[in-house]
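Q: Input: one structure, supplied below.
The values are calculated or read from the model by the stated rules, or taken from the named source; none is laboratory data. If you're wondering where the values come from, they're calculated on a predicted model, not measured in any experiment. Cβ sites come from the backbone with ideal geometry, for glycine too, and all protein chains shown count toward neighbours.
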Amino acid sequence: MDLLGSGIFKGMAVTLKNFAMTYFDRGRKERLPTVQYPEAGDTVTLFTRNFPFLIYDGEEEVDGMRCVACQICERECPPACIYIVKEKDENGKFVKRPKVFDIDVSVCMGCQICVEVCPFDAIVMDSEFEYSKEDRFGDLLFNRDELLKSNDYYHKIHPEEAQARDANLAAKKAADEAKKKAREEKAAAAAAAKAAAEKEASEKKDSPEASEPVAEEPKAEPAAPSENHAKAESEAKEKPAAEETPVEEPAAATDETEDAKEESSGGSEGKETSEEPEETAGSGEDDEKKAEEGEGVS
Amino acid sequence: MLVQFANWVQGELACSPALAKIVGILLAAVPLATVFALCFAFTTWLERKGLARIQNRIGPNRVGPFGLFQPIADGIKMITKEDIVPRSSDHFFHLIAPLLVLVSSMACLAFIPFGLGMTMSPIDTAVVFFFAILGMNTLAVFLAGWASRNKYSLLGGMRAVAQMVSYEIPLVLSAVTVVMMVGSLDTREIVGAQVVEGWATSENSGLRFLGQIAGWHVFTPWGFAGFIIFFIAALAETNRSPFDLPEAESEIIAGYVTEYSGFKFALFFLGEYIGAFAVLGLAITLFLGGWNGPNFQPWWSSDPHALLIPGFVWFFFKMFVLMAVLIWIRGTLPRLRVDQLMSFAWKFLLPLALVNVFVAGFLFHVAKEDRVWASVAAFVFLYLVAKGLSRMNQSDAPAPRKYHFAE
């Protein structure tokens, strides 16, 4: 049999404790979480993510841009708030960077899917939140130059994530270089084999120089089946034209190139023909090279 | 000082009694209205800050130091806001209701002795008058609810009437015990009865100190029970949480003030707080020793009745302490249901108040040497009665559910 009205006094004690503890430093952290926003601006934590921005490496904003205008994010964006137009050089060829990259942050829902799908770590989430603008429509449509922020800034707002991404990029680059090297060696070996074969053929015709142009070409297609030795030469020459064709599935292509790489490293001289269509694999590798070149510029 | 000034003015105007009377009323009423308007402003600030801290917030802190000028900013906002009157409402009564609330609340203050000789209207039936005028509050609230022609307003008004009428009975009954024991309806005499006369004027300063407190009615069994009943009923009477059903915002928007905006709403707000001050003032007068408090004889004075701390300081101190408790309760207790509200008034407070009246009558006739034992017995008896009443009221609660399959 408890005291009459003890429930009320228990409740009063709880509120009194809550009231009193806010006046002591010990309790304030837990009991008074309010941040006086405009004066004390440490509302942004390491976990704050709201709208995406584009990263550039180094000093040059446009030249250091990681984005290659592959348009994956544009297609994946659920509210379709990204709009990309690829840049062309004076000859009408596509350059691997966007001419227009617009994000309508009034539409953006901050889902971070664009960040997830980007194979080049070119778009990441920002922690900036003071986006009040005078114009509802125009000012909230962020263009490429407004979206570009340096890698240093990214390191400042999300250090761990930025380091992870940098490490990832470095690993990718190293892997690509190793692959390139392997590819070159393979190409050289293939060229040597071809040269030897042609030499055998030409010994009767007395024309040993035929092998030389192939050996000097570093961008020869390694994944090409070696049955088409004769075709390989012409493909290597057509390659610049192939580069300009819009890339359809670079993400998938990357995976395929990985497969192709595994196969080529496992098998001897890429004799095993990959099940994938040759063209997609080729374009995927083109993409990889594009990324490498983009980094090389910076 | 003000009292002296008023007396001096009265003396100067002795040649024309009519003018003297008018000036006297003004001299009493204007400071009262001003002081309580300021008290109201301070209380709104106190309430917002206190509730905020209870809810782990900071509260208003932008206008002035610690947000102290927030009430002024609110007042400016209230005055400059558009006054919207529903087209189909009864314009005249819609206008007059907030005034009536304010007037009746303010008029109640006239009978409260704030200090020695500081009663605006010193009449010998002050307690009766107080309740009579407080009853007008109910009328005004219902007027507001009905004149607004809004279903929420009307519901709020109906609730207010039901609640105020129900709680007025225990409120008055608990005051009746005091009137019985003191034998007077005059608030000044009730305050005077709460000083232990022999002690308060003695040479011993410690005894003087105690004499100002020991006589408070709240330290007697009937006074203690009466004070608790009075305080709970006062909460309901002034529409304060947890009895704020007439303006329950989760159920009926804002109750009878739904259709009020701008300055009329401010008047309602002011009237309600002044009503709360008045009822708390009466509680202090009846049970908490009025303007008496631990006090000393100033060293320069040889008059045994002279006090270092003026009486009104004690009065306002007690008033703000009680106001803080009101705010504290508001920050703690959830709102009652309508049926709980009614059953609490009629099944618990009313019987307890009646029993308290009988206990007071019994103690009145107990011989002086048996008074200590009788008081202890009365305390125990009152507690047991309260406990039994609460037991009886709990009988219809459903038994705890038994789970057969869930572990």
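Q: For the list (1) more than 19 Å from the chain's Cα centre (by Cα); (2) without any contact (Cβ under 8 Å) to a residue 40 or more places away in the chain, I need the number of the one condition that B:V161 fails.
A: In the conditions (1) more than 19 Å from the chain's Cα centre (by Cα); (2) without any contact (Cβ under 8 Å) to a residue 40 or more places away in the chain, B:V161 misses (1) alone.
Q: A further question on this structure: When you go through (1) under 29 Å from B:A374 (Cα atoms); (2) surrounded by fewer than 22 Cβ atoms within 10 Å (Cβ to Cβ) one by one for B:H217, which number turns out not to apply?
A: (2)
Q: Same structure, new question: Does B:A234 satisfy the criteria of being assigned by TED's automatic domain parsing to the domain that holds B:N356 and out of contact with any Asp or Glu (no Cβ under 9 Å at 6 or more places or on another chain)?
A: Details: assigned by TED's automatic domain parsing to the domain that holds B:N356: yes; out of contact with any Asp or Glu (no Cβ under 9 Å at 6 or more places or on another chain): yes.
It is true that B:A234 is assigned by TED's automatic domain parsing to the domain that holds B:N356 and out of contact with any Asp or Glu (no Cβ under 9 Å at 6 or more places or on another chain).
Q: From the list B:P71, B:P60, B:P31, B:P113, exactly one residue is more than 14 Å from every other protein chain (Cβ to nearest Cβ) and in a loop (DSSP other than H, G, I, E, B). Which is it? Explain how you work it out, then say what you get.
A: Values: B:P71 fails: in a loop (DSSP other than H, G, I, E, B); B:P60 fails: more than 14 Å from every other protein chain (Cβ to nearest Cβ); B:P31 fails: in a loop (DSSP other than H, G, I, E, B).
None of the others qualify; the one that does is B:P113.
Q: While we're on this one: Among the numbered criteria (1) farther than 30 Å from B:L155 by Cα; (2) within 21 Å of the chain's Cα centre (by Cα); (3) touching a residue at least 12 places away in the same chain (Cβ under 8 Å); (4) surrounded by fewer than 24 Cβ atoms within 10 Å (Cβ to Cβ), which single criterion is violated by B:I190?
A: That leaves (4) as the condition not met.
Q: Checking the conditions here, which among B:F142, B:F209, B:F243 is in a loop (DSSP other than H, G, I, E, B) and touching a residue at least 60 places away in the same chain (Cβ under 8 Å)? It would help to see each step written out before you state the result.
A: Numbers: B:F142 fails: in a loop (DSSP other than H, G, I, E, B); B:F209 fails: in a loop (DSSP other than H, G, I, E, B).
Of B:F142, B:F209, B:F243, the one residue that is in a loop (DSSP other than H, G, I, E, B) and touching a residue at least 60 places away in the same chain (Cβ under 8 Å) is B:F243.
Q: Of everything in the range A:8-58, what is free of Cβ contacts under 8 Å to residues at least 40 places away in the same chain, of a type in the set (D, E, K, R) and either at positive phi or more than 10 Å from every other protein chain (Cβ to nearest Cβ) (or both)? Give them in sequence order.
A: Selection gives A:D25, A:R26, A:K29, A:E39, A:D42.
Q: Here's a follow-up. Just name the residue that is modelled with the highest pLDDT out of those in the range B:175-206 that are part of a loop (DSSP other than H, G, I, E, B) and over 21 Å from B:M118 (Cβ atoms).
A: Filtering the range B:175-206 for residues that are part of a loop (DSSP other than H, G, I, E, B) and over 21 Å from B:M118 (Cβ atoms), the one modelled with the highest pLDDT comes out as B:G183.
Q: What is the residue count in the range B:121-150 for residues that are of a type in the set (A, V, I, L, M) and touching a Phe, Trp or Tyr at 6+ places or on another chain (Cβ under 8 Å)?
A: Initial filter on the range B:121-150 (of a type in the set (A, V, I, L, M)): B:123, B:126-128, B:132-134, B:136, B:139-141, B:143-144, B:147.
Keeping just the survivors that are touching a Phe, Trp or Tyr at 6+ places or on another chain (Cβ under 8 Å) gives B:123, B:126-127, B:141, B:143-144, B:147.
Counting residues in the range B:121-150 that are of a type in the set (A, V, I, L, M) and touching a Phe, Trp or Tyr at 6+ places or on another chain (Cβ under 8 Å) gives 7.
Q: For the range B:367-394, what are the residues that are in contact with a helix residue (DSSP H, G or I) (Cβ under 7 Å, 6 or more places away or on another chain), within 14 Å of chain A (Cβ to nearest Cβ) and modelled with pLDDT of 80 or more?
A: We begin by selecting, within the range B:367-394, every residue in contact with a helix residue (DSSP H, G or I) (Cβ under 7 Å, 6 or more places away or on another chain); these are B:374-375, B:378-379, B:381-382, B:385-386, B:389-390, B:393.
Within this subset, residues satisfying the condition of being within 14 Å of chain A (Cβ to nearest Cβ) are B:379, B:381-382, B:385-386, B:389-390, B:393.
Matches in the range B:367-394: B:F379, B:F381, B:L382, B:V385, B:A386, B:L389, B:S390.
Q: On to the next question. Quick one: B:L32 ticks every box in (1) modelled with pLDDT under 85; (2) farther than 19 Å from B:E272 by Cα; (3) surrounded by 14 or more Cβ atoms within 10 Å (Cβ to Cβ); (4) not charged (D, E, K, R) except a single one, so which number is it?
A: (2)
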